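> The structure follows.
The values are calculated or read from the model by the stated rules, or taken from the named source; none is laboratory data. No experiment lies behind these values; they were computed from the predicted model shown. We place every Cβ from the backbone using ideal geometry, glycine too, and count neighbours over all the protein chains shown. Accessible surface is based on the protein model in full, side chains and every heavy atom, while ligands, DNA and RNA are left aside. Shrake-Rupley method; radii C 1.70, N 1.55, O 1.52, S 1.80 Å.
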Amino acid sequence: MEEEYDDRAWDGVDRLDNDQSEGGDEAENPEQVLKECAEKFSTSDYIMEPGIFSQLKRYFQSGGNPLQVIEELSQNYTAVAQMANLIAEWLITGGVNVTTVQAMVENHLKEMILKTFDPKKADTIFTEEGETPAWLTQLIEHPTWRSLIYRLAEEYPDCLMLNFTIKLISDAGFQAEITSISTAAQQLEVFSRVLKTSIASFLTNPEEWQNTSRECAKMVCHGQHTYVYSQVIIHVLARESKGGSSMKRLSQEITKCAQKNFSGNDVTPITMALNGASAYPLACQALTSMLSKNTLNPADITVLYRNYNAPDPPPIDLIRTPQFLELLVDALFKPGVKLNPDHKPKYIHLLAYAASVYEMPAKKGQKRIINRDELQASVRSIETVHNICNTNKGSSELMAELGIIYQCLKYPVVSVGIIRWVECTVTEPSYFKLSTEHTPIHLALLDEVVTCHPLLHNQVLDLLIRLFESKQDELEILVQLEMRKMVLDRMVNLLCAGCVVPVVKYIKQCWQKGDTDISLIRYFVTEVLETIGPPYSSEFVHLFMPMVENDEITGTMRGDGENDPVSEFIVYCKANYTAMV
């Protein structure tokens, strides 16, 4: 089969014919040429091969018999391509949509290529032709064949032809499609374009930052070389006054992804090298030790505590590493964690310092702003709530402490700790079995967090989704439904606090999947309709309207006239959002 590629005229018969005439056919052995040509003519449908004319010329110049070659080509002509076209025409004549037929043919051809693709033969296209075939440039213009190249590139990363085609795709402006292609990571030029596109998507879609940062992190963490290269570039961009903070956040998300993906490889030294920790060796050593082991220890905490209470403390960014902050929050708010009373104030002080102290750019370095009153207030609030959370109190005892907790929740760092405490508490398998209140006090605390801190909405929504989807097999069916309705109440409260699109988008996904009791969808729609009022955003109408118009959901909620909430919403939206509905 390798010989089939020898003389294919990828770029036109004339060019190949000229090459043959200039190549010195006299040097070829006529008997050998006749034998080679006869073998090729005996293969199925060889008359359809691009190199047929050049082979016929060689054959006749070597004294071949015209009648014999005509008979050979005719007998081996099975017309596979023509039969495929004929069947396609029959299907179209029979009423099948042209697009559907085309998709059927293309998908079958894709499957055959995936089964029979030989990277060595594919590479001969370039090693023997010496230039880019015209058909390849045309091929990458079609999404179907680009997707085929992506799949093949994942399976055969060392294929030169596929690597070159990936570069052609990037040059053609389709780099946004290849963010997850491992082959792109092997070509610096292609990877740089893909990284640029991914960063631009992150910056221009702030409402989708979780998805865009996750996709970017997945691509960057393909390998160690892509991780270091990308983090250095992002670190440079983070110094810019415009968008610098967003770049820093993206870098942190990538670091979190790397900690999960690079098993056995510690990325902490890279993080420390980029954030300038080497200028503060004691703090750097203590922090590196804890981050590498992903655990806190009193000795290193003491070193950091002393450094950040010194007259010239290290930069605040060192202890604002997300991994370190999460370890501190877990140590202070996760139920069951025991801290040495002598060292507990140091943990609290470091967390409060990281949360309340900030630095402003100055002409010479960073100007640190330490509001001692705010720092001490944060320390007291963290300590107060830590003592409450660290004690196994029942609902009635917590009720007595509710006023104190609410006062402390105005500090974001305390709210983060409360979310962690509530998460660990309510995800216990027996929590809802032992709970007697319609709305457990722990979840009521989340309502206050949602009201005070919009930036924590996503964390609360993630927790509510986990609860809504959790299996509560120990509860009776009706009790499970009531529990999920209570969680939906929390989501409606979250929606009212401004987290509209993420909440509605999640409920719509539950409805479309068909794995959620329709009565729960109906309950959510009813609660939302009773809560909201015009005007509405177009995105909200686009997401919410299909559920409101669905008879299975709202059929029983509609009245004879147009005075019910369902009809009023539909009438208003159709009058004001014609393009959306």
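> At least 1 residues that are more than 16 Å from the chain's Cα centre (by Cα) and more than 30 Å from LEU455 (Cα to Cα) in each: list the helices (runs of 4 or more DSSP H) lying fully within region 166-239 that qualify.
Details: elements: 188-204, 209-220, 224-237.
It comes to 188-204, 224-237.
> State all residues of region 421-455 that are farther than 21 Å from ASP473 by Cβ and either in contact with a Cys (Cβ under 8 Å, 6 or more places away or on another chain) or among the hydrophobic types (A, V, I, L, M, F, W, C) (or both); if no residue qualifies, say none.
Those that are farther than 21 Å from ASP473 by Cβ and either in contact with a Cys (Cβ under 8 Å, 6 or more places away or on another chain) or among the hydrophobic types (A, V, I, L, M, F, W, C) (or both): TRP421, VAL422, ILE441, ALA444, LEU445, LEU446, VAL449, VAL450, CYS452, PRO454, LEU455.
> Same structure again: Output the residue which, of all residues in region 492-521 that are basic (Lys, Arg) and open to solvent by 30 Å² or more (accessible area, probe 1.4 Å), is nearest to GLU539 (Cα to Cα). First the steps, then the outcome.
First pass over region 492-521, keeping only residues basic (Lys, Arg): 505, 508, 513.
Cutting the leftovers down to open to solvent by 30 Å² or more (accessible area, probe 1.4 Å) gives us 505, 513.
Numbers: LYS505: 10, LYS513: 20 Å.
Only one residue fits best here, namely LYS505.
> State the number of residues belonging to region 420-436 that are open to solvent by 10 Å² or more (accessible area, probe 1.4 Å) and part of a helix (DSSP H, G or I). Steps first, answer last, please.
Filtering region 420-436 for residues open to solvent by 10 Å² or more (accessible area, probe 1.4 Å) gives 420-421, 423-425, 427-436.
Restricting the remaining residues to those that are part of a helix (DSSP H, G or I) gives 420-421, 423-425, 431-434.
Looking only at that region, the number is 9.
> Would you please list the contacts, defined by Cβ atoms under 8 Å and residues six or more apart or on different chains, that run from a residue in region 421-450 that is closer than 13 Å to LEU463 by Cα and touching a residue at least 40 places away in the same chain (Cβ under 8 Å) to a residue that is outside any helix (DSSP H, G or I) and basic (Lys, Arg)?
TRP421/LYS334; CYS424/LYS334
> Can you confirm whether region 443-463 contains a residue that is under 30 Å from the mean Cα position of the chain (by Cα), loosely packed, with under 14 Cβ neighbours inside 10 Å and not in a helix (DSSP H, G or I)?
The answer is no; no qualifying residue exists.
> If you don't mind, there's one more thing I want to ask. Tell me which of these GLU397 doesn't satisfy, since it passes every other one: (1) more than 39 Å from the chain's Cα centre (by Cα); (2) in contact (Cβ under 8 Å) with a residue 24 or more places away in the chain.
Exception for GLU397: condition (2).
> For region 45-68, what are the residues that are farther than 27 Å from ILE125 by Cα and open to solvent by less than 50 Å² (accessible area, probe 1.4 Å)?
Going residue by residue through region 45-68, those that are farther than 27 Å from ILE125 by Cα are 63-68.
Hit for region 45-68 is GLY64, nothing else.
> Just give me the residues in region 299-328 being closer than 20 Å to PRO269 by Cβ and of a type in the set (Phe, Trp, Tyr), in sequence order.
PHE324
> Determine which single condition LEU73 fails, assuming it passes every other condition in (1) open to solvent by 40 Å² or more (accessible area, probe 1.4 Å); (2) farther than 30 Å from GLY223 by Cα.
Only one criterion is unmet by LEU73, namely (1).
> Among the candidates LEU339, LEU287, LEU332, LEU304, which residue alone is more than 36 Å from the chain's Cα centre (by Cα), at negative phi and open to solvent by less than 70 Å² (accessible area, probe 1.4 Å)? Spell out how you get there, then give the answer.
Numbers: LEU287 fails: more than 36 Å from the chain's Cα centre (by Cα); LEU332 fails: more than 36 Å from the chain's Cα centre (by Cα); LEU304 fails: more than 36 Å from the chain's Cα centre (by Cα).
Just one listed residue meets the conditions, LEU339.
> For region 342-394, give me each residue that is touching an Asp or Glu at 6+ places or on another chain (Cβ under 9 Å), surrounded by 18 or more Cβ atoms within 10 Å (Cβ to Cβ) and either modelled with pLDDT under 75 or outside any helix (DSSP H, G or I) (or both).
Across region 342-394, the qualifying residue is only VAL357.
> GLU111 fails exactly one of the following numbered conditions: (1) surrounded by 14 or more Cβ atoms within 10 Å (Cβ to Cβ); (2) more than 25 Å from the chain's Cα centre (by Cα); (3) charged (D, E, K, R). What is the number of that condition?
All conditions are met except number (1).
> Further question: Can you tell me which of ASN275, ASN297, ASN261 is more than 28 Å from the chain's Cα centre (by Cα) and open to solvent by 30 Å² or more (accessible area, probe 1.4 Å)?
Values: ASN275 fails: more than 28 Å from the chain's Cα centre (by Cα); ASN261 fails: more than 28 Å from the chain's Cα centre (by Cα).
So the residue among ASN275, ASN297, ASN261 that is more than 28 Å from the chain's Cα centre (by Cα) and open to solvent by 30 Å² or more (accessible area, probe 1.4 Å) is ASN297.
> Quick one: PHE117 ticks every box in (1) in contact with an Asp or Glu (Cβ under 9 Å, 6 or more places away or on another chain); (2) free of Cβ contacts under 8 Å to residues at least 12 places away in the same chain; (3) among the aromatic types (Phe, Trp, Tyr) except a single one, so which number is it?
That leaves (2) as the condition not met.
> Among the residues of region 552-567, write down those that are at pLDDT 90 or above and charged (D, E, K, R).
GLU552
> May I pose another question? In region 535-554, what count of residues is obtained for those that are more than 15 Å from CYS496 (Cβ to Cβ) and exposed (fewer than 15 other Cβ atoms within 10 Å of the Cβ)?
Taking region 535-554 as the starting set, the residues that turn out to be more than 15 Å from CYS496 (Cβ to Cβ) are 535, 538-539, 541-543, 545-554.
Keeping just the survivors that are exposed (fewer than 15 other Cβ atoms within 10 Å of the Cβ) gives 535, 538-539, 546, 551-552.
Total meeting the criteria: 6.
> Determine if region 112-133 includes at least one residue that is closer than 25 Å to ASN211 by Cα, in a helix (DSSP H, G or I) and modelled with pLDDT of 80 or more. Step through it out loud before you land on a result.
Start the filter on region 112-133 by keeping residues that are closer than 25 Å to ASN211 by Cα, which leaves none.
No, every residue in region 112-133 fails to be closer than 25 Å to ASN211 by Cα, in a helix (DSSP H, G or I) and modelled with pLDDT of 80 or more.
> Against the conditions (1) assigned to a helix (DSSP H, G or I); (2) β-branched (Val, Ile, Thr); (3) open to solvent by less than 80 Å² (accessible area, probe 1.4 Å), where does THR78 fall short? Just the number, please.
Answer for THR78: the failing condition is (1).
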